[in-house]
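Step one of this worksheet: look at the structure below.
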Amino acid sequence: MKIPNVLQQKLLFRKEANALRKLPMPINGIDFSSNDYLGFAKNEEIFETTHQYLVENNIKVNGATGSRLISGNHNLYDITEKYIATFHQSEAALIFNSGYDANVGFFSAVPLRNDIILYDELCHASIRDGIQMSHAKSYKFQHNDYEDLETKIAKIQTTNYEFQTIYIVTESVFSMDGDTPNIETLVQLSEKFKALLVVDEAHALGVFGEKGEGIIQSQQLQNKVFARIMTFGKGLGCHGAAILGDADLIEYLVNFSRSFIYTTGLSPHSVATILVAYQNLNHSVELQKLKENIAFFNQQKQLLGIKPLFVYSKSAIHSAILPGNDKVKKIASQLQEKGFEVKAILSPTVPEGQERLRFCLHSYNTEQEMKSVLDELSTLIL
C-alpha cells in the first residue's frame with residue numbers, strides 16, 4: 001500500500017533540497033562523527049565486567065518483562081539510581097529508557113497550565129517536543145543571550161498574566177555548536193526572578209569535571225539547579241538517561257511522566273552496563289586523554305588559520321559553518337573518501353545558512369589523525 005500523496009510530496013521536497021535523510025552504513029574510517037567520546041561503547045573491560053556482574057548476581061534474564069510500575073522494576077534499578085544520585089551529588093535519580101524519553105517525559109509533565117517555559121532557541125528537539133506536549137506557555141530566547149532572557153522574564157512579570165512557575169531551560173553543551181552557556185549567570189537570573197533552572201547535560205557527561213560528572217558539578221552549582229537530565233548514549237557509551245532532582249520531583253515523575261509510565265523498562269543487562277560505565281568514570285584515563293585532544297584540536301585550528309570557520313568550543317563537538325547543503329555535503333564526501341568519518345549537518349536540522357561539518361572528538365583519536373583531517377579540510381576550503 002502506497003503512502004498518501006501529501007507524504008510523498010514531503011519526501012520530494014527533501015530530495016529537491018538535497019536534505020533527504022538516509023540510514024548510513026557502519027563507520028569504517030577514522031571516527032570523527034560518533035558521540036562515543038570516551039570509547040566506552042567499545043570498551044571490552046566494561047563489557048566483560050557487566051557480564052561478570054550479572055553472572056555473579058545470578059541475573060540471567062533477557063528483558064525487564066514489563067513497565068517499571070508493573071513487573072519491570074528489577075533490583076538493579078534501585079542500586080544504579082542510588083549510585084548515580086551519589087555520583088552527581090543529587091538527592092535522587094530516575095532512569096529513563098533514553099535521553100529523548102527523559103526530556104519528553106519531564107517537559108510534558110512538570111510545567112503545568114499557567115506556568116511559563118523560557119528555553120534557549122538551540123535546545124534539542126527532544127526538549128522542544130516535550131514543551132509542545134506541555135500545557136504551559138513557552139517562549140524561546142536568543143541563543144546564550146541573557147539580556148534577551150531577562151527582558152522576556154521582566155515583560156512576563158509586568159503583564160496581567162497570572163503565572164505560577166517560570167522554568168528556564170538550557171543545555172550545558174549544545175549538540176550542534178558544541179558551545180556552553182554561562183551557567184552562573186543563568187543561576188543568578190533564576191534566583192533573581194524565582195525561576196527554576198533545568199539543564200540538559202547530555203554532551204557534558206563524561207567530558208567535563210574531574211570524573212566526567214558534567215559542567216554543573218564542575219562549577220559546584222548542583223544545588224542551584226532544579227533538574228538535570230543526564231544522557232548515557234554519549235560519554236558513557238550505553239543506552240538510557242536519568243533525571244536528577246529532589247525526591248519529590250522523582251516521585252512526581254513516577255506518577256505523571258507518561259514516557260516513564262507507559263513503556264517497558266530497560267533490561268537488567270542495560271542497567272548493569274550503566275552502573276559499570278559510571279564506576280569506570282572513577283578511574284578512567286580516557287577523560288584526561290579526551291581533554292588533551294580537545295586542546296590539541298583547537299590549537300591546530302589556530303595554526304591552520306581556519307579557526308574563524310568554527311563555532312567557539314571547549315567541548316568534544318566542533319562545528320565548521322559551511323553554508324549550503326550542496327557545499328557541505330560535497331566537502332564531507334571528499335573527507336570521507338580520504339578515510340575521515342565526518343558528517344555534514346544539513347538544514348532543516350540546523351537553520352538554512354548554518355549548515356556545517358561537525359567534528360566529534362574522542363579519547364582514542366590520535367594527534368596525527370586530528371592534524372590530518374584539519375589539513376585536508378583547509379585544502380578543500382581555502
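Every read-out reported here was derived from the displayed coordinates using simple, explicitly stated rules and does not represent laboratory data. Source: prediction; values computed, not measured. Note that each Cβ is placed from the backbone with ideal geometry, even for glycine, and that neighbours are counted across all protein chains shown.
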Seminar exercise, completed: Cβ density ranking, 10 Å radius, fewest first, applied to F106, F163 yields F163, F106
Problem set entry | Protection proxy ranking of 285-297, 27-39 - average other beta-carbon atoms within 10 Å, highest first | 27-39, 285-297
Problem set entry | Rg and Dmax of the stretch 61-281, Cα atoms only, in Å | 16.9, 57
Problem set entry | Most to least packed among 314-323, 64-73 [average Cβ atoms within 10 Å] | 314-323, 64-73
For this session: Name the aspartates and glutamates eligible as straight-distance cross-link partners of K42: C-alpha to C-alpha under 18 Å, and not fewer than 8 places from it in the same chain.
Result: D31, E286, E341
Exercise. What's the lysine pair count for the stretch 307-367 at a Cα cut-off below 21 Å, pairs eight or more apart or interchain?
Worked result: 11
Problem set entry | Total charge dipole magnitude, the stretch 120-278, about the Cα centre, Cβ charges on Lys, Arg, Asp, Glu only, Debye to nearest 20 | 360
Seminar exercise, completed: The Cα extents of the chain along the principal axes, largest first and rounded to whole Å, are 61, 56, 55
Exercise. Near V328, within a Cβ-to-Cβ distance under 14 Å, what is the net charge of the other residues, with Lys and Arg +1 and Asp and Glu -1?
Worked result: +3
Seminar exercise, completed: Highest mean packing first, using Cβ neighbours within 10 angstrom, the peptides 129-140, 5-16 sort as 129-140, 5-16
Problem set entry | Partner lysines for K194 [C-alpha distance under 23 Å; skip if fewer than 8 residues away on the same chain] | K137, K140, K152, K155, K224
For this session: Mind checking the full-extension length gain between E56 and S333? Use 0.36 nm per residue of separation minus the Cα-Cα distance, one decimal, nm.
Result: 95.0 nm
Seminar exercise, completed: Note to self: C-alpha centroids of the stretch 332-382 and the stretch 83-153 sit apart, in Å, by 30
Seminar exercise, completed: Residues meeting the amide H criterion for K343 (H placed from the backbone, H to H distance under 5 Å, 5 or more places apart or on another chain) are R358
Exercise. Using the Kirkwood radius built from alpha carbon pairs, what does the Stokes-Einstein equation give as D for the stretch 201-313 at 37 °C and 0.692 mPa s, in µm² per second?
Worked result: 201
Exercise. Normalised by the residues of the stretch 61-281, what does the relative contact order come to in percent, with Cα pairs under 8 Å and at least six apart?
Worked result: 29
Exercise. Just going by the charge dipole of the stretch 1-40, with Lys and Arg at +1 and Asp and Glu at -1 on Cβ, which of V6, P26, F40 is farthest out on the positive end?
Worked result: V6
Problem set entry | the stretch 249-335: C-alpha pair distances exceeding 14 Å, % | 79
Problem set entry | Mean Cα-pair separation over length for the stretch 1-147, i.e. relative contact order, pairs under 8 Å, 6 or more apart, % | 13
